[in-house]
Amino acid sequence: MGKGQPSYTDEEFVAAIRRGDDRALAHLYRLHLPMVLHFVQQNSGTEDEAKDVYQEGVMVFYEKVREGSLELSCQIKTYLYAVCRRLWLKRLAEKSRFGVRLEDHEPYLETGAEADLALAEERDRRLTTMAEALERIGEPCRSLLEGFYLLDKSMQQLTAEFGYTNADNAKNQKYKCLVRLKKLFFTHYQEEELY
């Protein structure tokens, strides 16, 4: 945190924005900008394009909070990432469509871009569902799975970190946690399919 910057939970951000606290909005903007900068720049974008996309994503979030239509089922960070990712994919699709300038093939390109966007939205939904399942799985499973799959820690490191007697015990626990995570994910994912 910077000097004098308050620390907000996601719920406090939403409440502060709902009551018109511009400082909370400015803090939120600065907090997650680096994540979107990195994503856009890694995917054929410039810093300015990333800032534009992020600005647009924050405005989507802001407007939904202010009008009371936001149903946040994940962290704000995850929500903003998904919105900005979708916006960037749309822009990339437009760039490629207009950059080619093949008027007679444009409907095919547009359909392809929409199909790509639909696939990206489905992937985002799965990632969000997985993030929610990971949040709900609890400790030590969450830390164990994050350590192994996201932080690339070895079984020996995890054995020492979590106090298991040997790497085989850590591996067995990781497997049990993974089974629980899959069950949480698919249960929630199938519930979403019904809506």
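The values are calculated or read from the model by the stated rules, or taken from the named source; none is laboratory data. A quick note: this is a predicted structure, and the numbers were derived from the prediction, not measured. Cβ sites come from the backbone with ideal geometry, for glycine too, and all protein chains shown count toward neighbours.
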Inset, instruction - Search region 71-91 for residues that are of a type in the set (S, T, N, Q) and pair each with any residue that is part of a helix (DSSP H, G or I) when their beta-carbon atoms are under 7 Å apart and the residues are at least 6 apart or on different chains. - result: SER73/GLU132; GLN75/ASP10; THR78/THR128; THR78/ALA131
Inset, instruction - Please work out if ASP22 is more than 16 Å from the chain's Cα centre (by Cα) and surrounded by 14 or more Cβ atoms within 10 Å (Cβ to Cβ). - result: no
Legend entry - Segments classed as helices (runs of 4 or more DSSP H), wholly inside region 92-185, with at least 1 members that are farther than 21 Å from TYR81 by Cβ and at pLDDT 75 or above: 141-145, 155-162
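Pick out the one residue from ALA133, ALA160, ALA167 that is touching a Ser or Thr at 6+ places or on another chain (Cβ under 7 Å) and aliphatic (A, V, I, L, M). I'd like the intermediate steps shown before the answer.
Numbers: ALA133 fails: touching a Ser or Thr at 6+ places or on another chain (Cβ under 7 Å); ALA160 fails: touching a Ser or Thr at 6+ places or on another chain (Cβ under 7 Å).
After ruling out the rest, the residue left standing is ALA167.
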Inset, instruction - Report yes if some residue within region 51-59 is modelled with pLDDT under 85, assigned by TED's automatic domain parsing to the domain that holds MET130 and in a helix (DSSP H, G or I); otherwise report no. - result: no
Legend entry - Subset of region 38-85 (residues that are of a type in the set (A, V, I, L, M), crowded, with 18+ Cβ neighbours inside 10 Å and more than 24 Å from ARG136 (Cβ to Cβ)): VAL40, ALA50, VAL53, VAL58
Inset, instruction - Could you list, in sequence order, all residues of region 1-29 that are free of Cβ contacts under 8 Å to residues at least 24 places away in the same chain and in a helix (DSSP H, G or I)? - result: GLU11, GLU12, ALA15, ALA16, ASP22, ARG23, ALA24, ALA26, HIS27
Inset, instruction - Kindly provide the set of residues from region 148-183 that are exposed (fewer than 14 other Cβ atoms within 10 Å of the Cβ) and closer than 30 Å to ARG126 by Cα, ordered by number. - result: TYR149, LEU150, LEU151, ASP152, SER154, ASN172, TYR175, LYS176, VAL179, LYS182, LYS183
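Against the condition modelled with pLDDT under 75 and not assigned by TED's automatic domain parsing to the domain that holds VAL36, how does GLU191 come out, does it pass?
Yes; evaluated as a whole, the condition is true for this residue.
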